[in-house]
Amino acid sequence: MKHKCDVCEEDFEDIDPNLQTCRQCQRIINKYNNGSKKRKTYPPSEVKWALRNAYSHKENDNVYFKCEYTGIISKFNDNSKTLGHFEEPFVLTLDHKYPNQKELVVCLNIINKMKGDIPPEQFKQIAILLGDFFKQETNKKIEPIKSQTLEMALKDICSLKK
Ligand SMILES: [Zn+2]
């Protein structure tokens, strides 16, 4: 039977007439929905929404998505272990866009770990500020006045918490 996947919208064949999601997309949804205690579980409807928004393409039985914050195209990994901060940095993960809200987005592991639970607007401002700071401070000792300026600017951004 021919179906259209409700995530990637690609056609697929399956004998089960009730199937709505292709095998590749379903694998990711299941990964975030199984009862393993180590992993956070997310409702399939929220995961589908995030995947649908980030879908890029399929290739050789793999399904690719775009990182919400960088646009970099990558895929989820199959194993369900929790990744470290600098382990498999380019594997895709799901990120709560805003802390304590339902909305999920697709995000590279390295970006997700750096972002933590910082809201996206503040995360971007902090990253830009730090980037500028690091560019100025190549390998010399950091002048106290520059640290103080950075501190004030960071405190400004963090006081805008919503
Ligand atoms: Zn699909």
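The values are calculated or read from the model by the stated rules, or taken from the named source; none is laboratory data. Note that the structure is predicted; figures quoted are calculated from it, not measured. Reconstructed Cβ throughout: ideal geometry from the backbone, glycine too, with neighbour counts over all protein chains shown. With ligands, DNA and RNA removed, areas are computed over all heavy atoms of the protein, side chains included. Shrake-Rupley method; radii C 1.70, N 1.55, O 1.52, S 1.80 Å.
Please compute the length gained on full extension between ARG27 and LYS40, using 0.36 nm multiplied by the number of residues separating them and subtracting their Cα-Cα distance. List each step's numbers first, then the result.
Values: separation 13, 0.36 × 13 = 4.68 nm, distance 1.58 nm.
Length gained, ARG27 through LYS40: 3.1 nm.
About the centre of its Cα atoms, segment 52-162 shows a dipole size close to 200 debye [charges on the beta carbon of Lys, Arg (+1) and Asp, Glu (-1) only; nearest 20 debye]. For segment 114-120, the Karplus equation 6.51 cos²θ - 1.76 cosθ + 1.60, evaluated at θ = phi - 60°, returns couplings of 5, 5, x, 9, 7, x, x Hz by residue, with Gly and Pro reported as x.
Straight-line cross-link partners of LYS102 among the lysines, defined as a Cα under 19 Å from its Cα and at least 8 positions apart when in the same chain: LYS31, LYS40, LYS48, LYS113, LYS115, LYS161, LYS162.
Taken one residue at a time, the phi angles of segment 91-102 give Karplus couplings (6.51, -1.76, 1.60, θ = phi - 60°) of 7, 7, 9, 9, 10, 6, 3, 10, x, 6, 10, 6 Hz. Gly and Pro are set to x.
Taking GluC sites (Glu not before Pro) as candidate sites, keep only those in a DSSP loop with at most 14 other Cβ atoms within 10 Å, then name the longest stretch of the chain containing none of them. Don't skip to the end; give the middle numbers.
Details: sites that count: GLU9, GLU87, GLU103, GLU137.
The reported range is 10-86.
List the trypsin sites (Lys or Arg not before Pro) within segment 47-144 that fall in a DSSP loop (any state other than H, G, I, E or B) and whose Cβ has at most 15 other Cβ atoms within 10 Å. Could you put the intermediate results ahead of the total?
Numbers: sites: LYS48, ARG52, LYS58, LYS66, LYS75, LYS81, LYS97, LYS102, LYS113, LYS115, LYS124, LYS135, LYS140, LYS141; in loops: LYS75, LYS81, LYS97, LYS102, LYS140, LYS141.
Counting only loop positions with at most 15 other Cβ atoms within 10 Å, the trypsin sites (Lys or Arg not before Pro) in segment 47-144 are LYS81, LYS102, LYS140, LYS141.
Amide H contacts for SER56 (H built 1.01 Å from N in the peptide plane; partners 5 or more residues away or on another chain; cut-off under 5 Å): TYR64, PHE65, LYS66. The heavy atoms of SER74 present about 20 square angstrom of accessible area, all protein chains included, probe 1.4 Å.
All distinct Cα pairs of segment 6-69 go into the 1/r average, and the inverse of that average, the Kirkwood radius, is 12.7 Å.
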